Amino acid sequence: MIGKLFQQLRDAGVLGINNRNAEYIMRCNPRSRYPLVDNKVLTKGLAKQYGIPTPVLFHVIKNHGSIKNLKTILEGIKEFVVKPASGSGGSGIILITERTEKVFLTQSGKAVALEYLSYHISDILSGIFSLQGQEDHAIIESLIHPDQVFSAVTYQGVPDVRIIVYRGVPVMAMVRLPTKDSDGKANLHRGAIGAGIKLGTGHTITAVHKSQIVTHHPDTGNPVSGLQVPHWDTMLSIAAVATDMTDLCYVGVDIVIDRDRGPVLLELNARPGLAIQMANKDGLLKRLESVDAAPAKIFTTPEKRIAWAKENL
């Protein structure tokens with residue numbers, strides 16, 4: 001019975017985790033290049049070389065001794081984000097949207113003192129939120145002000161767009177929409193919604209929430225399909241360059257849309273999840289195989305790779 005189910009999923013073009021790990025992540029992604037995506041500071045430096053915008057970096061705290069300077073570091077900065085350099089899944093991120101003389105206000109309106117931020121940064125440095133549980137660095141960067149296009153289907157937080165790229169070709173995309181359950185974070189495993197995006201047009205299609213197909217946002221009640229993602233061609237261009245930047249041929253590209261700056265690269269992921277298939281009601285495997293069967297001439301430039309993807313995927 002299980003074997004039959006697996007065969008049915010494969011026939012439908014669904015990519016499973018074992019196949020993803022063995023055939024695409026381990027085979028395609030050199031381990032030596034992982035630090036470029038696992039460490040957000042290195043990702044920022046690489047993106048700068050390619051002219052790709054990222055959130056403005058204010059400061060990197062590298063050791064516990066530097067925490068005593070936090071008050072001076074934050075002087076004059078009214079809003080900011082504190083995050084681990086090597087974190088994942090939204091863990092360890094604090095968004096500060098306002099400050100007074102005595103406290104900082106988080107995105108949810110919670111008031112926290114400087115001491116709270118100091119303890120949190122100490123946890124980050126200790127590796128509590130890092131991918132491998134190893135010592136980490138803490139990043140203080142600019143706060144994103146999201147474009148209002150998704151305001152009707154977002155509960156607080158900042159929605160982002162995840163694009164899966166294979167051999168430099170964007171193969172599947174979704175927008176991740178924060179909910180009350182996800183505490184305003186755009187992570188599906190925390191309870192955010194993932195709405196599939198049609199590559200050719202940039203319109204949202206079906207959506208998934210907690211492994212269930214949904215049509216409306218659970219908090220706002222508004223439909224999540226039929227939305228036009230702004231700056232879609234620019235976002236595809238950022239994604240298509242990710243392979244050239246990192247030498248990783250299978251990678252997830254996370255982009256946010258800032259109301260003033262437009263598309264901004266948030267991070268890269270060498271191990272992107274598979275729920276994006278449910279959000280699109282389509283399998284990744286058949287798209288990856290289509291890329292492998294594509295004419296060699298499409299791989300010469302990002303523009304050709306994007307054009308082929310928009311027409312064929």
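The values are calculated or read from the model by the stated rules, or taken from the named source; none is laboratory data. Note that the structure is a prediction, hence the values are computed from the model and not measured. Here Cβ is always computed from backbone atoms with ideal geometry, including for glycine, and neighbour counts include all displayed protein chains.
Here are the numbers for the structure shown:
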| read-out | value |
| --- | --- |
| Residue list for the range 276-311, filter: farther than 19 Å from residue 206 by Cα, in a helix (DSSP H, G or I) and polar (S, T, N, Q) | 290, 300 |
| Restricting the range 96-123 to residues that are touching a residue at least 60 places away in the same chain (Cβ under 8 Å) and not small (Gly, Ala, Ser), the residue that is farthest from residue 81 (Cα to Cα) | 121 |
| Every pair of residues 6+ apart whose Cβ atoms lie under 9 Å, when the first sits in the range 209-226 and is within 20 Å of residue 190 (Cβ to Cβ) while the second is of a type in the set (Ser, Thr, Tyr) and surrounded by fewer than 16 Cβ atoms within 10 Å (Cβ to Cβ) | 220/151; 224/215 |
| Output for the range 94-105, where each listed residue is touching a Leu at 6+ places or on another chain (Cβ under 9 Å) and part of a strand (DSSP E or B) | 94, 95, 96, 97, 98, 99, 104 |
| Any chance residue 255 is under 19 Å from the mean Cα position of the chain (by Cα), in a helix (DSSP H, G or I) and touching a residue at least 60 places away in the same chain (Cβ under 8 Å) | no |
| Residues located in the range 159-189, provided they are touching an Asp or Glu at 6+ places or on another chain (Cβ under 9 Å) and over 23 Å from residue 213 (Cβ atoms) | 166, 167, 168 |
| From 122, 108, residue being over 16 Å from the mean Cα position of the chain (by Cα), assigned to a helix (DSSP H, G or I) and not basic (Lys, Arg) | 122 |
| Qualifying positions in the range 92-143 - over 21 Å from residue 159 (Cα atoms) and among the aliphatic types (A, V, I, L, M) | 103, 111, 112, 113, 114, 117, 121, 124, 125, 128, 131, 138 |
| Selected residue [closer than 20 Å to residue 254 by Cβ and surrounded by 15 or more Cβ atoms within 10 Å (Cβ to Cβ)] from 224, 214 | 224 |
| Cβ pairs under 6 Å, 6+ apart, first in the range 268-288 and farther than 20 Å from residue 208 by Cα and modelled with pLDDT under 95, second surrounded by fewer than 22 Cβ atoms within 10 Å (Cβ to Cβ) and polar (S, T, N, Q) | 270/29 |
| Count of the range 26-52 residues which are of a type outside the set (Ser, Thr, Tyr) and over 17 Å from the mean Cα position of the chain (by Cα) | 11 |
| Test: residue in the range 258-272 that is within 17 Å of the chain's Cα centre (by Cα), assigned by TED's automatic domain parsing to the domain that holds residue 46, assigned to a loop (DSSP other than H, G, I, E, B) and among the acidic types (Asp, Glu) | no |
| Test: residue in the range 135-144 that is farther than 30 Å from residue 218 by Cα, over 19 Å from the mean Cα position of the chain (by Cα) and buried (at least 18 other Cβ atoms within 10 Å of the Cβ) | yes |
| Check on residue 91, surrounded by fewer than 21 Cβ atoms within 10 Å (Cβ to Cβ), of a type in the set (Ser, Thr, Tyr), outside any strand (DSSP E or B) and in contact (Cβ under 8 Å) with a residue 40 or more places away in the chain | no |
| Residue ID - surrounded by the most Cβ atoms within 10 Å (Cβ to Cβ), chosen from residues in the range 234-245 that are modelled with pLDDT under 95 and not hydrophobic (A, V, I, L, M, F, W, C) | 243 |
| Residue satisfying all of: in the range 246-255; of a type in the set (A, V, I, L, M, F, W, C) and within 19 Å of residue 292 (Cβ to Cβ); surrounded by the fewest Cβ atoms within 10 Å (Cβ to Cβ) among these | 249 |
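Condition check ((1) closer than 27 Å to residue 43 by Cα; (2) charged (D, E, K, R); (3) surrounded by fewer than 20 Cβ atoms within 10 Å (Cβ to Cβ)) across all residues:
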| position | (1), (2), (3) |
| --- | --- |
| 257 | yes, no, no |
| 262 | yes, no, yes |
| 281 | no, yes, yes |
| 301 | yes, no, yes |
